[in-house]
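Worksheet for the structure shown next.
Nothing in this text is a laboratory measurement; each read-out follows from the coordinates by a stated rule. None of the values given here were measured: they were computed from a predicted structure. Note: ideal-geometry Cβ built from the backbone for every residue, glycine included; neighbour counts use all protein chains shown.
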Amino acid sequence: MSTFQATAVAAAIAGRLPFGHPVVPSPTTDPGADGTAVAITFAGATGAMIAIQVIDPGALQDGSPKADLVDRLHPVFEAAVVVLGAGALGDGQEVIAAEVFTAPGAEVFDLVGIDGTLVARTAVRIDDDRAAGRPAAPQRLSRIAGVEMDLVVEIGRTRMPVRDVLSLEPGRVVELDRAAGSPADIKLNGRLIGYGTVVVADGDFAVRVERILDTAESA
C-alpha cells in the first residue's frame, strides 16, 4: 500500500470538498466510524477504494442542497483519482461507514477546518502494489498542486502533569525525550516520513533531509 498515494488522494479530496473554507487532511487516531459514508471504487493501473463521510452535508456549498449526496460528491471523487492515473471510476454508493473505514489496508484521514473542527473523514485503500516505486507523474498531480500540507520538524517531546505545565515560567528548562545531536523527525500532515538535521539557512531555522523512510521511498 502506498502511503504517499493515499495521502495525495486525501489532499485532493480536502481541496475539492465545497465547504467554502480551507480543509486540511490529517491521519486519524480513531479509524472507527458511525453512520454512513459514500464509497466508490477505481479500476486502473492503480486500483483503489475511496470513501467519504461528511459530518454535516448541509454545510456543503455546492448549490445543490437537495440533491443526493452520492451525486454531490462525485466531482470530489473525480478530482481525487487524478493522482492515480488512467482508469475507470465506478458508481458511488452509500455504505455503512464502519465497514469501509475499518477495512484491512484502509488509511483513514480526518478532514478539519482551519479552526480544527472535524468536517469530514475519508478512507483510502490502494489496491495495486504494482504502483509502488513509480512516482505519480507531474501532470497527475497538477490539479492538487496548490493544496497545502503541513510539514513539521519535531526535535523531541515530553509528557508533563498539569501541575507542572501550570508552573511553567520564563527560564524554565524542559527536557525532551531525545539526546542532543539526534536527528529530528520530519512529519507530513502528522505522519512520520523521514529524519533530518536542523540547520540555519539565511538566518532562519531549516532542516537538511538525511533519510526518507521506506514507505515514502516506495510511494
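A compact table of results
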| quantity | calculated |
| --- | --- |
| ³J(HN,Hα), Karplus 6.51/-1.76/1.60, whole Hz, each residue of segment 22-31, x for Gly, Pro | x, 10, 10, x, 9, x, 7, 9, 9, x |
| Charge sum, other residues only, whose C-beta stays under 13 Å from Ile114's C-beta, Lys/Arg counted +1 and Asp/Glu -1 | -3 |
| Rel. contact order, % - alpha carbon contacts under 8 angstrom, at least six apart, the chain | 25 percent |
| Selected from Gly47, Gly116, Gly194 as most flexible by GNM, with the chain as the system and alpha-carbon contacts under 10 Å | Gly116 |
| Value of Rg/Rh across the chain [Cα atoms, Kirkwood radius] | 1.03 |
| Karplus (6.51, -1.76, 1.60) ³J(HN,Hα), θ = phi - 60°, over segment 40-46, in Hz, Gly and Pro reported as x | 8, 10, 10, 10, x, 4, 10 |
| Cα-derived Rg to Rh of segment 152-217, Kirkwood definition | 1.06 |
| Cα-based helix-to-principal-axis angle, 3-16 vs the chain, degrees rounded to 10 | 70 degrees |
| Placed amide H near Val207: partners under 5 Å, 5+ positions off or other chain | Val199 |
| Ranked Arg178, Arg172, criterion: other C-beta atoms within 10 Å, fewest first | Arg172, Arg178 |
